[in-house]
Amino acid sequence: MKQFEITTEAISVDDVVNRVNTPTIGAVTTFVGVVRGSTGGRPVRYLEYEAYPEMAEASLGEIGTEIRNQWATINQVAIVHRIGQLNVGEISVVIALAAAHRQDTFEALHYAIDRLKEIVPIWKKEVWMDGEEWRSETSNSPC
């Protein structure tokens, strides 16, 4: 199983947790991103994510390396992001961090999602009831 993956399939939180769970682990902390029903007060119909998987997976791996370098207590990192059309309520990303103890996992998790938004080349089309717009996940601004 890949630790860093771009997928077109629905993401199982349990599957991502199992990628980092080993007998030496005492804490697994997760972030689960889901498609929300409105953006800026506009009702969302669905989101469409696109990425070049090999490039995006390399960037996810870079985040994993950064986390392990910055927080020595973090043993394992897994990040899985879904691409394709996602409906409101569907999971778009799961990040799981594992350590012997919970200290540092929350701070590192916050870092992970912020870095994902900063450096991973993923594009998102927001489709509302009254229009649509492509946005880069890395800048959160229109392309």
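Could you give the angle, 0 to 90 degrees to the nearest 10, between helix 105-119's Cα long axis and the longest principal axis of the Cα atoms of the chain?
It works out to around 40 degrees.
With a 1.4 Å probe and every protein chain left in place, work out the accessible area per residue of the chain in Å², rounded to a whole number. It would help to have the intermediate numbers written out before the result.
On the way: 7250 Å² over 143 residues.
Per-residue value: 51 Å².
Against the longest principal axis of the chain, how steep is helix 53-70, in degrees 0 to 90 to the nearest 10, with axes from Cα atoms?
Approximately 40 degrees, to the nearest 10.
Over the chain, what percent of the accessible surface lies on carbon and sulfur atoms, probe 1.4 Å?
On the way: 3500 of 7250 Å².
C and S fraction of accessible area: 48 percent.
So if I place +1 on the C-beta of Lys and Arg and -1 on the C-beta of Asp and Glu, and nothing else carries charge, what would the dipole magnitude of region 1-106 be about its Cα centre? I want it in debye, nearest 20. Intermediate results must be reported in sequence, preceding the final value.
On the way: 8 positive and 12 negative charges, 72 e Å.
Dipole magnitude for region 1-106 comes out near 340 debye.
Report the extension gain between TRP134 and ASP15 in nm, rounded to one decimal, defined as 0.36 nm multiplied by the number of residues separating them, less their alpha carbon distance.
Numbers: separation 119, 0.36 × 119 = 42.84 nm, distance 2.97 nm.
Here the answer is 39.9 nm.
Using a Gaussian network model on the chain with a 10 Å cutoff between Cα atoms, which of LEU109, LEU60, LEU97 fluctuates the most?
Most flexible of the set in this elastic network: LEU109.
State, in angstrom, two size descriptors of region 57-135 derived from its alpha carbons: Rg to one decimal place and Dmax to the nearest whole number.
14.8, 48
In deg cm²/dmol and to the nearest 500, what is the mean residue ellipticity at 222 nm of the chain if only DSSP H runs of at least 4 residues count, each as -39500 (n - 2.57), divided by the residue total? It would help to have the intermediate numbers written out before the result.
Values: 3 runs with 41 residues, N = 143.
Helices in the chain give a 222 nm mean residue ellipticity of -9000 deg cm²/dmol.
Within region 97-140, which residues have the backbone N less than 17 Å from the label spot 7 Å out from THR22 along Cα→beta-carbon, could you tell me?
Those under the cut-off are 97-102.
Please report the projected area of region 1-68's Cα convex hull averaged over all directions, in nm². Please list the in-between numbers first.
Values: hull surface 25.7 nm².
Computed as one quarter of the Cα hull surface, the answer is 6.4 nm².
In percent, how large is the relative contact order of the chain, given Cα pairs closer than 8 Å and 6 or more residues apart?
Values: 318 pairs, mean separation 46.6, N = 143.
Relative contact order here is 33 percent.
Any idea what the relative contact order of region 39-99 is, in percent, if you count C-alpha pairs under 8 Å spaced at least 6 apart? Working shown, then result.
On the way: 62 pairs, mean separation 24.1, N = 61.
Once normalised by length, the contact order is 39 percent.
Protein chains only, probe 1.4 Å: how do LYS125, LYS117 rank by accessible area, largest first? Could the numbers behind the result be given before it?
On the way: LYS125 30, LYS117 70 Å².
Descending order: LYS117, LYS125.
Which of GLY131, GLY33, GLY89 ends up with the largest GNM mean-square fluctuation for the chain, with Cα atoms connected below 10 Å?
Residue with maximal mean-square fluctuation among GLY131, GLY33, GLY89: GLY131.
Just going by the charge dipole of region 1-102, with Lys and Arg at +1 and Asp and Glu at -1 on Cβ, which of THR7, VAL80, ALA51 is farthest out on the positive end?
The residue sitting farthest along the positive end of the dipole is VAL80.
What are the semi-axes of the equivalent ellipsoid for region 6-143, taken as the square roots of 5 times the Cα gyration tensor eigenvalues, largest first, in whole Å?
Values: eigenvalues 160, 45, 33 Å².
Result for region 6-143: semi-axes of 28, 15, 13 Å.
The values are calculated or read from the model by the stated rules, or taken from the named source; none is laboratory data. Remember, it's a predicted structure, so these values are computed and weren't measured experimentally. For neighbour counting, all protein chains shown are included, and Cβ atoms are generated from backbone atoms with ideal geometry for every residue, glycine included. Surface accessibility is based on the protein's heavy atoms, side chains included, excluding ligands, DNA and RNA. Shrake-Rupley method; radii C 1.70, N 1.55, O 1.52, S 1.80 Å.
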